[in-house]
Structures are given as C-alpha cells and as structure tokens.
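Remarks on the structure that follows.
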Amino acid sequence: MNLVKRYSLSCGERNGGSLTGMALASSSARAWIGTIVFLLLAPGVVAGLIPWLISGWRWHDWRGAAWIVVPAAWTAITIGVAFLLHAFALFALHRGTPAPVAPTETLVVTGVYRFVRNPMYLAVLTTILGQALLFGSWWLVLYALTVLAAVVAFVKGYEEPTLTRTYGEQYLEYRRNVPGWRPRLTPWRTRSTR
C-alpha cells in the first residue's frame with residue numbers, strides 16, 4: 001500500500017471515515033508536482049529536446065509554399081501541445097501522474113480519454129510531425145516513426161496488460177468502446193454517465 005493511501009486511511013479512521021482537507025490538498029499537490037516533473041522529463045525530452053538535437057530548430061525555406069506550410073506546421077504543434085497538457089492535467093486532477101511509478105487510483109476516462117485511449121502519445125507524435133514540417137526535416141519524420149514503434153510496443157507489452165490487471169473489467173469495457181489510436185467522433189459514456 002502506498003504512503004498516500006496509508007496516510008489517507010489513517011486520517012479517515014481518525015476522522016470518522018472522511019479524509020481531511022489537508023490530506024486531500026497534499027495528495028493533489030503531489031499529483032500536480034509529479035505530473036509536471038514527468039511532463040518535462042518524458043514528453044519534454046521526446047517532443048522537445050530530441051527534435052531540437054536532430055533539427056537544430058532551423059526553419060526550412062518553403063519559399064512560395066510557406067503561406068500554407070508554416071501555419072499548418074504551427075497548427076499541428078499547437079494542437080499537439082494543447083492535447084498533451086489537457087491529458088496530463090486529467091491525471092493530476094485524478095490525484096496521480098502518467099508515470100507508471102505513481103499512477104492514479106482510478107482509471108482516467110474523462111476529457112480527451114473519452115475519444116481515444118492514447119491521447120498523450122498521439123499528441124507527442126503530432127508535435128514531432130509538426131516540427132518535421134516546420135523545419136523540413138525527413139530525419140524528424142523518421143524519428144516520429146521510431147517513437148511510434150516504441151510507443152506501440154510499450155502500450156501492447158506493458159501498459160495494456162498492467163491496466164487490465166489493475167482495473168479489470170472497467171478497463172476492458174473502456175478498451176472495447178474507445179479506440180487506442182483513431183479517435184471516436186463522439187465521446188464515450190460510461191454506464192454511470194449514460
């Protein structure tokens with residue numbers, strides 16, 4: 001049993017079965033700090049530092065096509081970053097982090113997760129591909145394909161089996177109803193929200 005859970009249970013037992021405001025605030029603060037640190041370490045490196053090392057963030061001269069290519073690239077980067085931040089915030093709001101070492105206690109099936117199971121990975125790939133377009137870098141396209149292969153292997157080999165063991169039928173129902181890589185057009189509603 002993790003420290004937060006033990007502390008929460010002991011506070012709950014001392015206070016007639018309810019958590020104190022201090023325990024909830026502490027748990028929430030740890031979740032936000034952990035989420036921000038993981039955001040900087042994982043996607044920050046994969047979608048920021050490594051693309052910079054590959055491309056030097058030198059803009060490509062698109063000449064006459066710049067009026068369409070540059071806005072398209074910035075749109076992809078902006079959408080990728082916005083969805084990434086939204087997905088990360090949902091983990092903190094559920095008092096956990098996306099990091100496997102500090103997960104949420106409940107399965108996150110709100111927000112963008114109602115449309116697709118892997119929004120963070122898709123957001124990172126969109127950000128990398130937006131940079132590939134902006135910088136005119138085939139090396140970044142190759143890097144994005146490498147990241148995709150690594151992410152799919154991680155999802156299939158670790159994440160999905162772990163979520164199945166942890167959340168059981170709840171995750172299996174979610175998996176049956178929400179695609180992993182191609183977003184739904186309408187948000188999925190759990191049985192409790194229908």
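The values are calculated or read from the model by the stated rules, or taken from the named source; none is laboratory data. What you see is a predicted model, and the numbers here were worked out from it, not measured in a lab. No Cβ is skipped: glycine too gets one built from the backbone with ideal geometry, and neighbour counts run over all protein chains shown.
Cβ-Cβ contacts under 7 Å between residues 6 or more apart (or on different chains), taken from a first residue in the stretch 92-119 that is over 16 Å from P43 (Cβ atoms) and among the β-branched types (V, I, T) to a second residue that is modelled with pLDDT under 90 and part of a helix (DSSP H, G or I), are listed as T104/F91; V108/F91. For the stretch 140-150, the criterion of being aromatic (F, W, Y) and in contact with a Pro (Cβ under 9 Å, 6 or more places away or on another chain) is satisfied by at least one residue. Listed by position, the helices (runs of 4 or more DSSP H) enclosed by the stretch 88-194 that each have at least 2 residues that are more than 30 Å from G56 (Cα to Cα) and at pLDDT 95 or above are 160-167, 169-177.
Within the stretch 13-62, if we keep just the residues that are modelled with pLDDT of 90 or more and either in contact with a Cys (Cβ under 9 Å, 6 or more places away or on another chain) or of a type in the set (D, E, K, R) (or both), the residue that is surrounded by the most Cβ atoms within 10 Å (Cβ to Cβ) turns out to be R58. Kindly provide the set of residues from the stretch 140-165 that are buried (at least 16 other Cβ atoms within 10 Å of the Cβ), within 17 Å of the chain's Cα centre (by Cα), under 28 Å from G130 (Cα atoms) and not acidic (D, E), ordered by number. A144, V147, L148, V151, V155, listed by residue number.
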